[in-house]
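The values are calculated or read from the model by the stated rules, or taken from the named source; none is laboratory data. Since the model is a prediction, treat every value here as computed from it, not as a measurement. All Cβ positions, even for glycine, are placed from backbone atoms using ideal geometry, and neighbour counts span all protein chains on display.
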Amino acid sequence: MLRISALRVNRSSNLSVQLKPCFLNTCSYQAFESQPFRPYKTHSGLNSSLKIPQHFQDKISRRLDTSISSPIGIIAQHIKDFFNSYQDVVISGRNFDFFPVESKPVSISQNFDELQVPLDHVSRNPSDTYYLDPEYVEKYKEYKSKEYLDIINSENNGVYKRDLIESMASRFGHSRYRLLPTHTTSNITSFLKQGIPQALYSGQVFRRDEIDSQHYPVFHQMDGYLLFSREDVDALRKLEEYKGFSDTNVILRHLKRTLENLVSYMYGFVKFVSKTPSDHYEKVQFSELEKEWDDKATFPFTSPSSEYYISNEGEMTELLGCGLLKNIILENNLPEPGKYVGGWAFGIGLERLAMVLCKIFDIRQFWETDERFTRQYESSYSEGFLPIFSKYSKNPPVTRDISFYTTDSFDEDLFKNMILDNGKGYVEGVEFISSYFNDTLNKKSLCYRVTYRGFNENLTNSFVNELHDLAIDSVKHRFNLIIR
């Protein structure tokens with residue numbers, strides 16, 4: 001099965017924030033108390049492990065998750081819309097404020113300890129995470145083999161209570177040493193400490209990944225959580241679907257049902273877009289897709305946990321991860337932990353979800369500034385659909401103009417369709433250029449530009465001329481045009 005990480009240990013971003021809810025993608029970033037990002041100078045022997053690659057430094061300020069001209073931001077906005085319009089016994093009337101988390105370094109405590117991430121977990125390794133302090137990287141191996149091991153083997157049973165978290169912060173500098181956030185999930189402790197019962201939040205996350213079609217060191221993640229009072233659980237248990245369930249199973253079933261409806265809602269916007277000027281849309285049928293839950297999934301901060309899979313290109317692909325928040329996280333952070341029976345949380349890798357929904361097969365595509373990519377999505381949110389990505393070639397275009405005196409039988413849509421049909425798949429676009437009226441001939445003249453491009457090969461001038469001549473001949477006879 002193809003696994004698309006969502007609520008993952010290596011995808012966190014717990015920042016010290018001044019929380020202000022944001023309801024629109026146009027909102028400004030929140031104010032952060034943590035130190036700003038900067039390229040850290042390191043000892044010569046540590047440059048390779050600490051250096052922030054130049055190729056993604058400029059992407060740290062590009063927040064695709066808050067831009068509705070990007071498929072990433074469009075999907076994030078639809079998720080917000082879903083939770084603020086969803087009708088059910090618990091969620092109806094609950095306002096899911098959205099918090100866009102700025103891209104800033106975070107502490108080891110925030111990123112790992114607060115979320116109960118084991119001290120020997122692979123995500124803490126400097127080979128997986130961008131630590132920014134050379135002093136900690138130098139000490140890490142020693143800590144892991146000695147001091148960390150002592151804590152792991154102690155009687156705390158892998159549970160980090162508040163006093164142990166504070167002890168590690170003081171003893172090992174976990175509250176002082178910084179790293180680039182590896183998942184947005186750790187922001188949950190900032191919200192819980194303020195007693196916020198539900199929230200949505202997204203941000204950039206960073207991992208030391210290989211760069212290929214499925215992996216890139218910087219991407220975006222969106223998380224959400226919901227806390228349940230005794231009244232909430234009892235209200236659900238009155239429904240037939242939840243009768244006889246324990247508190248844990250009531251909340252878990254509510255989580256799965258909510259996320260199933262979220263994914264169904266998202267697919268409701270996905271449409272195939274034809275390449276004809278009439279822009280025909282064909283809706284993707286979510287009901288026909290195979291779906292399944294994997295309850296064997298584990299996360300350090302939820303138990304039980306699960307992952308949701310859906311059929312995609314012949315494989316079962318993970319769309320998101322979720323689970324019930326561990327009691328220790330609620331106890332460590334809530335001002336009144338006894339006020340709630342429990343809560344659920346989920347995490348979604350926005351790039352990965354967009355790749356599935358939009359059939360984008362290379363994660364690097366989202367950073368493209370090519371207008372052939374951006375124009376496919378620039379108005380789709382306002383128009384209420386999410387288009388399947390139309391591939392385009394990296395090969396150079398070849399353009400040819402066609403000018404003619406028009407007649408009463410001329411139809412622009414049919415004209416463009418005929419050019420596309422005669423182009424044998426090599427026509428990328430037909431664009432109106434200009435018009436003028438010839439007083440002598442008493443005729444109107446139009447000029448269109450046809451762009452030809454090969455997807456897998458460069459087109460020769462002779463080949464394009466042949467295609468263009470065929471197109472001209474076709475429209476000339478169909479509309480009785482006088483070619484100029």
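Residues in region 299-330 that are at pLDDT below 95 and β-branched (Val, Ile, Thr) were compared, and the one that is nearest to Phe228 (Cα to Cα) is Ile310. For Thr407, the conditions (1) in contact with a strand residue (DSSP E or B) (Cβ under 9 Å, 6 or more places away or on another chain); (2) assigned by TED's automatic domain parsing to the domain that holds Gly454; (3) surrounded by 17 or more Cβ atoms within 10 Å (Cβ to Cβ) all hold with the exception of (3). Residue by residue through region 299-340, note down the ones that are buried (at least 22 other Cβ atoms within 10 Å of the Cβ), assigned to a strand (DSSP E or B) and among the aromatic types (Phe, Trp, Tyr). Of everything in region 299-340, those that are buried (at least 22 other Cβ atoms within 10 Å of the Cβ), assigned to a strand (DSSP E or B) and among the aromatic types (Phe, Trp, Tyr) turn out to be Phe299, Tyr308. Filtering region 400-445 to residues that are at pLDDT 90 or above, under 30 Å from Asn458 (Cβ atoms) and not in a helix (DSSP H, G or I) leaves Arg400, Asp401, Ile402, Ser403, Phe404, Val430, Glu431, Phe432, Ile433, Ser434.
Here Gly244 clears all of (1) surrounded by 15 or more Cβ atoms within 10 Å (Cβ to Cβ); (2) more than 19 Å from Asp223 (Cα to Cα) except the condition numbered (1). Restricting the first residue to region 460-484 and requiring it to be in contact (Cβ under 8 Å) with a residue 60 or more places away in the chain and under 13 Å from Asp401 (Cβ atoms), which pairs with a second residue that is surrounded by fewer than 15 Cβ atoms within 10 Å (Cβ to Cβ) and among the aliphatic types (A, V, I, L, M) meet a Cβ separation below 9 Å and a spacing of at least six or different chains? These pairs meet every condition: Ile472/Ile483. Of all the listed residues (Arg364, Arg352), the sole one being buried (at least 20 other Cβ atoms within 10 Å of the Cβ), at pLDDT below 95 and part of a helix (DSSP H, G or I) is Arg352. Within region 308-328, residues that are under 19 Å from Glu260 (Cα atoms) have Cβ atoms under 8 Å from residues that are charged (D, E, K, R) and assigned to a loop (DSSP other than H, G, I, E, B) in these pairs: Ile310/Glu290; Ser311/Glu290; Met316/Glu290; Thr317/Arg3; Glu318/Arg3; Gly321/Arg8, counting only partners at least 6 apart in sequence or on another chain. Taking Lys275 as the residue in question, decide whether it is assigned to a loop (DSSP other than H, G, I, E, B), more than 21 Å from Ala76 (Cα to Cα) and at pLDDT 95 or above. Considered against the rule, which asks whether it is assigned to a loop (DSSP other than H, G, I, E, B), more than 21 Å from Ala76 (Cα to Cα) and at pLDDT 95 or above, Lys275 comes out as no. State yes or no: is Glu210 under 30 Å from Ile68 (Cα atoms), surrounded by fewer than 17 Cβ atoms within 10 Å (Cβ to Cβ) and modelled with pLDDT under 95? So Glu210 fits the description; yes.
Among residues of region 382-404 being surrounded by fewer than 16 Cβ atoms within 10 Å (Cβ to Cβ) and charged (D, E, K, R), the one that is farthest from Glu371 (Cα to Cα) is Asp401. Could you look through region 231-241, keep only residues that are of a type in the set (D, E, K, R) and either part of a loop (DSSP other than H, G, I, E, B) or in contact with a Gly (Cβ under 9 Å, 6 or more places away or on another chain) (or both), and pick out the one that is surrounded by the most Cβ atoms within 10 Å (Cβ to Cβ)? Out of the qualifying residues, it is Arg237. The residue that is modelled with the lowest pLDDT, counting only those in region 177-207 that are of a type in the set (S, T, N, Q) and surrounded by 24 or more Cβ atoms within 10 Å (Cβ to Cβ), is Ser186.
Residue by residue through region 279-298, note down the ones that are of a type in the set (D, E, K, R) and within 29 Å of Leu227 (Cα to Cα). Lys291, Glu292, Asp294, Asp295, Lys296, listed by residue number. I'd like to know if region 144-152 contains one or more residues that are buried (at least 20 other Cβ atoms within 10 Å of the Cβ) and out of contact with any helix residue (DSSP H, G or I) (no Cβ under 7 Å at 6 or more places or on another chain). No; the residues of region 144-152 include none that is buried (at least 20 other Cβ atoms within 10 Å of the Cβ) and out of contact with any helix residue (DSSP H, G or I) (no Cβ under 7 Å at 6 or more places or on another chain). Filtering region 155-176 down to residues that are modelled with pLDDT of 95 or more and acidic (Asp, Glu), which residue is nearest to Ile52 (Cα to Cα)? Once the filter is applied, the top-ranked residue is Glu166. For region 446-484, a residue qualifies if it is in a loop (DSSP other than H, G, I, E, B) and buried (at least 17 other Cβ atoms within 10 Å of the Cβ), and the qualifying residues are Arg453, Gly454, Leu459, Leu481.
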